[in-house]
Amino acid sequence: MNIGVIKQTRNDERRVPMVPAGVHLLTQRGHVIYIEHDAGLAAGFDDTEYREAGGNVVYSRAEAIGRSALVLGVAPFQLEDAEMFVSGQTVMSFGHLSASTFGALRRMVDKNITAIAYELIENDDKRRPIVEVMGEVAGPITMTLAARFLESHHGGRGVLLSGLPGIPPAHVVVIGGGAVGMAAARAALGMGAHVTLFDSNPDKLRRALERLGGHLTTLLSYRYNLERVLPTADVVIGAVWLHGQKPPVLITTDIVRKMKSRSVIIDCSIDQGGICATGRPTTLSDPVYVAEGVVHCCVPNLPSAVARTSSHALANALFPYVRRFAEGGIDALLSEQARFAEGVYLREGRAAHPVVAELLNQKAPLGANSDPSQADGGKTR
């Protein structure tokens, strides 16, 4: 199978979905890989490495896409990408469906595209391998940023996360006990901070205590609890993730106004719309702004800050699916791993996810395992 890997054009997105080792393994199996020129350069992989691994470097984005049955990206596809897609292709990237661009989706429908979102892919035990591995990267980064933005010369409160003898440590509040939240809580505890973890699921809080130990405080994310605890925080990490949906606003403007002056909010949920009423997307180049006296950092692609590590992690998690797809197509992959269907949001141009069906004003979503040719009626009402 021909597989295309495209360069990322979104601000500060430096990750690449396939590293040279993956190219080597696939080309050894007879597949042909087209790498857009400099696709991996920002992550530390130059064109020579891809050529030596057996890949074909092409100097046109349109060529990398046009020659391929499967196209791999990182950031959600935009309209200019969709215009280049070829009818019947399969494309894979992060989807961030709750913040999707309607124009790109509409164009992919017109071209009968099958589209897969990395963050929605599940394995047979209902775990989300790519979400988990990116969370393991993002979590520690949040605490690196928190330590920096608490510093006085960055506009923060001038608080050391670990504290000192006779001086209490910083209070870090993490909202969300998933992959990002757990990794952030672990990193904060390791840096000596006092940590409170919120989640709506008691089982997640129980597992967090088992894994992270008794120094962690856990609370259910009722509004009453949030309103009492957040004003005591030096750092708040938003780490709520819902399956393809926009998360609820848990940090209201009133709560932000009651927080300590120059405390820090890092909203890792911003790629789905965010959980902070005063949040708006920022970039790694310009990561912070101040609202209601509180420092806000809302970067949607935090793992790109360590692009080489993130690219290896993403490629490792993604490779088994790419290999199986290359060997037998989407049907073979779904027959072996039925839960992979959770990641399919368009199947040959028809919505296979309820969020996409709503955005496109389509009928009830077609199951990813269904045959689109048997669907009743046209693609849209």
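Figures for the structure shown
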{"read-out": "Some residue of the range 219-233 being at positive phi and not aliphatic (A, V, I, L, M)", "value": "no"}
{"read-out": "The range 282-319: number of residues that are more than 20 Å from ARG10 (Cβ to Cβ) and out of contact with any helix residue (DSSP H, G or I) (no Cβ under 9 Å at 6 or more places or on another chain)", "value": "1"}
{"read-out": "Check on VAL57, in contact with a helix residue (DSSP H, G or I) (Cβ under 8 Å, 6 or more places away or on another chain), farther than 19 Å from PRO320 by Cα, assigned to a strand (DSSP E or B) and not polar (S, T, N, Q)", "value": "yes"}
{"read-out": "Whichever residue in the range 238-276 is at pLDDT below 95 and among the polar types (S, T, N, Q) and, among such residues, is farthest from ILE175 (Cα to Cα)", "value": "GLN245"}
{"read-out": "Neighbours by Cβ (under 7 Å, 6+ apart or cross-chain): first from the range 117-136, modelled with pLDDT under 90; second surrounded by fewer than 20 Cβ atoms within 10 Å (Cβ to Cβ)", "value": "ASN123/PRO129; ASN123/GLN337; ASN123/ARG339; ASP124/GLN337; ASP124/ARG339; LYS126/ARG339"}
{"read-out": "Residues (among the charged types (D, E, K, R), closer than 18 Å to ARG148 by Cβ and within 23 Å of the chain's Cα centre (by Cα)) located in the range 246-297", "value": "ASP267, ASP286"}
{"read-out": "Residue in the range 90-113 that is of a type in the set (D, E, K, R) and within 23 Å of PRO303 (Cβ to Cβ) present", "value": "no"}
{"read-out": "Residues of the range 65-90 that turn out to be assigned to a helix (DSSP H, G or I), touching a residue at least 12 places away in the same chain (Cβ under 8 Å) and not aliphatic (A, V, I, L, M), as a count", "value": "3"}
{"read-out": "Selected residue [touching a residue at least 12 places away in the same chain (Cβ under 8 Å) and more than 17 Å from the chain's Cα centre (by Cα)] from LEU164, LEU145", "value": "LEU145"}
{"read-out": "Check on THR101, polar (S, T, N, Q), under 26 Å from the mean Cα position of the chain (by Cα) and closer than 22 Å to GLN245 by Cβ", "value": "yes"}
{"read-out": "Strands (runs of 3 or more DSSP E) completely within the range 248-361 that count 1 or more residues being in contact with a strand residue (DSSP E or B) (Cβ under 8 Å, 6 or more places away or on another chain) and not assigned by TED's automatic domain parsing to the domain that holds ARG106", "value": "264-267, 288-291, 294-297"}
{"read-out": "When residues of the range 45-102 are limited to those that are more than 28 Å from ASP331 (Cβ to Cβ) and basic (Lys, Arg), the one modelled with the highest pLDDT", "value": "ARG51"}
{"read-out": "Residue under evaluation GLU327, criteria (1) without any contact (Cβ under 8 Å) to a residue 40 or more places away in the chain; (2) of a type outside the set (Gly, Ala, Ser); (3) surrounded by fewer than 20 Cβ atoms within 10 Å (Cβ to Cβ), criterion not met", "value": "(1)"}
{"read-out": "The range 218-263 - residue that is surrounded by fewer than 16 Cβ atoms within 10 Å (Cβ to Cβ) and of a type in the set (S, T, N, Q) and, of those, nearest to LEU97 (Cα to Cα)", "value": "GLN245"}
{"read-out": "Those residues of the range 267-297 which are under 15 Å from THR253 (Cβ atoms) and among the hydrophobic types (A, V, I, L, M, F, W, C), in sequence order", "value": "ILE275, CYS276, ALA277, VAL290, ALA291, VAL294"}
{"read-out": "Odd one out for ALA62 among (1) part of a helix (DSSP H, G or I); (2) without any contact (Cβ under 8 Å) to a residue 40 or more places away in the chain; (3) more than 30 Å from GLU348 (Cβ to Cβ)", "value": "(3)"}
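The values are calculated or read from the model by the stated rules, or taken from the named source; none is laboratory data. Only a predicted model underlies this, so the values are computations on that prediction, with no experimental measurement involved. Note that each Cβ is placed from the backbone with ideal geometry, even for glycine, and that neighbours are counted across all protein chains shown.
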